[in-house]
1. Angle between the Cα long axis of helix 290-315 and the longest principal axis of the chain, 0 to 90 degrees, nearest 10?
2. Run the helix sum for the chain: -39,500 (n - 2.57) per DSSP H stretch of 4+ residues, divided by residue count, reported at 222 nm to the nearest 500 deg cm²/dmol.
3. Dipole magnitude of segment 200-336 about its Cα centre, charges +1 at Lys/Arg Cβ and -1 at Asp/Glu Cβ only, in debye to the nearest 20?
4. So what is the accessible area of the chain per residue, in Å², with the probe set to 1.4 Å?
5. Rounded to the nearest 20 debye, what is the charge dipole size of the chain about its Cα centre when +1 sits on each Lys and Arg Cβ and -1 on each Asp and Glu Cβ?
6. Whose amide H sits under 5 Å from the amide H of Leu98, counting only residues 5 or more places off or on another chain, with H placed in the peptide plane?
7. Counting only protein heavy atoms, what percent of the accessible surface of the chain is carbon or sulfur at a 1.4 Å probe?
8. Near Lys48, which lysines are there with a Cα under 16 Å away, not counting those fewer than 8 places off in the same chain?
Amino acid sequence: AMEEAMPAVFGQLAEVRRILEHHYRDMQDIEFTVQQDKLYMLQTRSGKRTTAAALKIAVDMEAEGLIDRATAIRRIDPAALDQLLHPTLDPSAARDVLARGLPASPGAASGQVVFTADEAEARAQAGDAVILVRVETSPEDIHGMHAAQGILTTRGGMTSHAAVVARGMGRPCVSGAGAVRVDAQQGCFFVGERTIAAGDWITIDGGNGEVMAGQVPTVQPELSGDFATVMGWADDLRRLRVRANAETPADARTARDFGAEGIGLCRTEHMFFEGDRIVAMREMILAPDADGRRAALAKILPMQRQDFTELFQIMAGLPVTIRLLDPPLHEFLPHGEAEMAHVAEAIGVSPDTVRHRVLELHESNPMLGHRGCRLAISYPEICEMQARAIFEAASAVARDSSAAVVPEVMIPLAADKREIDILKAVIDQVAAAVREETGQAIDYLVGTMIELPRAALRAGAIAESAEFFSFGTNDLTQTTYGISRDDIGAFIKTYEDQGIFEHDPFVSLDQDGVGELVEIASTRGRATRPDIKLGICGEHGGDPASVAFCHRGGLDYVSCSPFRVPIARLAAAQAAAAEQAGDG
């Protein structure tokens, strides 16, 4: 209409727009007025844009020669890519917000409320959409989390079990919704005066932490050609490699689809909670001696071997870092009397035997207790079984494929070189035995996860035996601060308001404290072993600021949840671009 009514003024406006866009080399949001056929420009500024629009603007301006690719890459917020990778709520739909928690895993989903993992699995198999509601989740809930459309917890922070696992699965998750009071026994939860019963529909938005009553329509993501174009530019520019934390074939395929260059953390404990495996695992824990434990582990061996075979096949020669069993054994045992009786019957022991073992394994602070490499040193047969599964799988894939398989066996929670030496001897012995049996020689690395301050300080000695360091920054943050990532939600807001924390240290790496330990360990490790491979596998691997820190520190790779791989790829490219521009 303006072009028709005021063609001369409209032509002036078009020319001014062109001049401003070329001068600022960015899309402009301009304000103007026309008075008595005279154009007045009031102001201009770089225009706000959605993530999809940011990608298109960057690609278009690079094609026009207005900006180079490094500039285009630096203008896109890596964290905002999540908007393109997950379903989001229809912005025009009505919302009945019940409560708010932490936006622990992006995406939105609706489902009927269930309170147990078993019910989530059964209902999902019947074709129902469900939301798993828990006070907090544990590894025992993995099967229900897989089955659910989304997860809601009343406790836990951004790196709680629920948050980390949900991000890895690509499931929406809201954690730490403190206003939600769960009464699983009565089959309902309360928010103020409102009651939501099992079977009622709710919607969660993992992007902003909202919990809503009823069903809210969602919009499915669309990955445009601009997205692929920008990611290609990022891969050409970045030095830092990007791997994924994955332990299921579905996670591994998702990671490959999003451009992961290997697996930086395979958490083997998640493989022990399904079907017959948990029965055999409990049988192993309840066995009275090493022979009994080996007999039970022999039942798990073929399942574990098949797990690793699939991962090696999907990764097709890319590196796969496998962490040996990490959590304390009590996490695999039942706790209620009814479940103890059921386990006793399944395994063929008395309920008292189960009860006594549960009490025997109880720990006051399991995170700092009998877990990680301490388990393998106490029960070397667990390490033997896992090493055999790894090397038999690698041998089978190497025999049937042209892709060379180089497994990286990671010893968790080591604090001393002697721990590495003891377990490396077990791993090397199993590797030699498998080589003798199969006639297939497999190259492999044995390294450790640096997740204790002592390990960082003793990195020079540890590197004499460890061929790679993978910084487990979730636990390294916990042990450095003396704060549980599951309980920080109770006071994080107060600490941020008073300027003690600039941000949640479990979301973005504490570069001054935890970061200095990473730098110390890297320097001392490289002084001993110049070619040592260095990476991080905590959730910080998908945080742009933490990725930039890893680039500056000269690490080789970061590893993160599959759905955060594009974020890490872009952040790594931005760090390289900043370095080239001299402001990194």
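The values are calculated or read from the model by the stated rules, or taken from the named source; none is laboratory data. Please read all numbers here as calculations on a predicted model, not as lab measurements. Here Cβ is always computed from backbone atoms with ideal geometry, including for glycine, and neighbour counts include all displayed protein chains. Just so you know, the surface numbers come from the protein's heavy atoms only, side chains and all, with ligands and any DNA or RNA stripped out. Shrake-Rupley method; radii C 1.70, N 1.55, O 1.52, S 1.80 Å.
1. Orientation of helix 290-315: about 30 degrees from the principal axis.
2. Numbers: 24 runs with 266 residues, N = 584.
Computed mean residue ellipticity for the chain: -14000 deg cm²/dmol.
3. On the way: 14 positive and 21 negative charges, 126 e Å.
The dipole of segment 200-336 has a size of about 600 debye.
4. For the chain, the per-residue accessible area is 42 Å².
5. Computed charge dipole of the chain: roughly 800 debye.
6. Val211, Met212, Ala213
7. Details: 11830 of 24590 Å².
Percent of accessible area from carbon and sulfur atoms in the chain: 48.
8. Lys56
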